[in-house]
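Engineer: Got a structure for you, written out below as structure tokens; questions coming shortly.
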Amino acid sequence: MSIRIVFLGAGRMASAIVRGLLEEEHYKPDEIACTCGDDPSGPELAEQTGIHYFEDISQAVRKTETIVLACKPQQFDAIDLALAEAAHGKLILSILAGTPLARLSEKFIHARNIVRTMPNTPGQIGAGVTAFTPQKPLSFKDQTIVENTLSALGNYHEVEESDLDAVTALSGSGPAYVFEFAAALREAGIHCGLDEALSSSLAIDTLLGAAMLLADSEESAEDLRNAVTSPGGTTAAALQVFSDNDLRGLVTKALEAAKARSLELAKE
């Protein structure tokens, strides 16, 4: 048995990464192992994918080359010293929110490198985006491991750690903003006389189609907005309400609040 990557945690993000790694054939099932807390996520993931599950993961950690920290942030302190020592010389890849490199390095003193990441929830279906920052420059081998692992969640970008709080505010929390806007569109449609099912379907399809068009187009969001906005038309009337109520200013304030909270959490 040659285990090459170990997951400490087997929740949704870990599951998404495991499935993506297997689908892209970066690893075979018997090269991946996981453990979990007091829940059935680990055994369930192992049963569904064919990877190994160990209640005591220390032996696998000693033999592996990469460890993915995918537990809940509040469980980080519970990782015992013996397990951290077993990670000597390993690549540590963390998807723990609000856990800076300085804190990670205090636990994994002898890791060969540590990579902090900020994924988002669409990664659960391979449609996410992840920002990452390494403790020190990645070797070619480790760069490949990181890129293969994060590509399982979707797109990825290397950034400075100082940018991660802003990334958290934009893409980390961003899906929730889109979900809230979808709910607002649905409720507005109902208010305008549509039944709930139709209004919900129209809102979802509109957001999905607009996002796909934006991603596929070489034009900016503003250009695409202008292309659908006729002077004096219905779209112009709606956009004027957004402008009058400073929608962009409100979004900026929301991201500033999320960034400030991210900075606070990193200090707790």
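Engineer: With an 8 Å cut-off on Cα pairs and a minimum separation of 6 or more residues, tell me the relative contact order of segment 60-134 in percent.
Structural biologist: Result for segment 60-134 is 27 percent.
Engineer: Any chance you could give the angle, 0 to 90 degrees and rounded to 10, that helix 140-151 forms with the longest Cα principal axis of the chain?
Structural biologist: Between the helix axis and the principal axis of the chain, the angle is about 50 degrees.
Engineer: Can you tell me the 0 to 90 degree angle between the C-alpha axis of helix 12-23 and the longest principal axis of the chain, rounded to 10?
Structural biologist: Long axis of 12-23 versus the principal axis of the chain: about 80 degrees.
Engineer: Right, another one. Could you state the number of Å between the C-alpha centres of segment 195-219 and segment 1-78?
Structural biologist: 35
Engineer: For the chain, find the longest principal axis of its Cα atoms and tell me its angle to the long axis of helix 196-216, 0 to 90°, nearest 10.
Structural biologist: The two axes meet at around 70 degrees.
Engineer: Reachable aspartates and glutamates from K28, Cα under 15 Å, same-chain residues fewer than 8 places away excluded?
Structural biologist: Leaving aside aspartates and glutamates fewer than 8 places away in the same chain, those within reach of K28 are E47, E65.
Engineer: Here is a further query. Over the chain, what is the relative contact order in whole percent, taking alpha-carbon pairs under 8 Å and six or more residues apart?
Structural biologist: This gives 14 percent for the chain.
Engineer: What shape does segment 97-155 have by the C-alpha gyration tensor, where a ≥ b ≥ c are the square roots of the eigenvalues, rounded means a/c under 1.5, and otherwise prolate means a/b greater than b/c and oblate the rest?
Structural biologist: Judged from the Cα gyration tensor, segment 97-155 comes out oblate (a/c at least 1.5, b/c at or above a/b).
Engineer: Whole percent per 10 Å bin, from 0 to the bin with the longest distance: what is P(r) over all C-alpha pairs of the chain?
Structural biologist: The calculated distribution, bin by bin, is 6, 25, 30, 19, 13, 6, 1.
Engineer: Counting every Cα pair in segment 183-268, what percent are over 19 Å apart?
Structural biologist: Tail of the P(r) past 19 Å holds 61 percent of the pairs.
Engineer: Any lysines with Cα under 16 Å of the K141 Cα? List them, leaving off those in the same chain fewer than 8 positions away.
Structural biologist: K90
Engineer: From the helices alone, meaning DSSP H stretches of at least four residues, give me the mean residue ellipticity at 222 nm for the chain, per-run term -39500 (n - 2.57), in deg cm²/dmol to the nearest 500.
Structural biologist: Result for the chain: -15000 deg cm²/dmol, rounded to the nearest 500.
Engineer: Go ahead and set up a Gaussian network model of the chain, Cα springs under 10 Å, then flag whichever of K253, K107, K28 fluctuates most.
Structural biologist: Evaluated over the chain, the most mobile residue of the options is K253.
Engineer: Among the lysines, which have Cα under 20 Å from the Cα of K267 when same-chain residues fewer than 8 positions away are ignored?
Structural biologist: Partners within reach: K72, K107, K259.
Engineer: Rounded to the nearest 5, what % of DSSP beta bridges with both residues in segment 111-268 are antiparallel?
Structural biologist: 45
Just so you know, all these numbers are worked out from the coordinates, no wet-lab data involved. For clarity, every value in this text was computed on a predicted model and none was experimentally measured.
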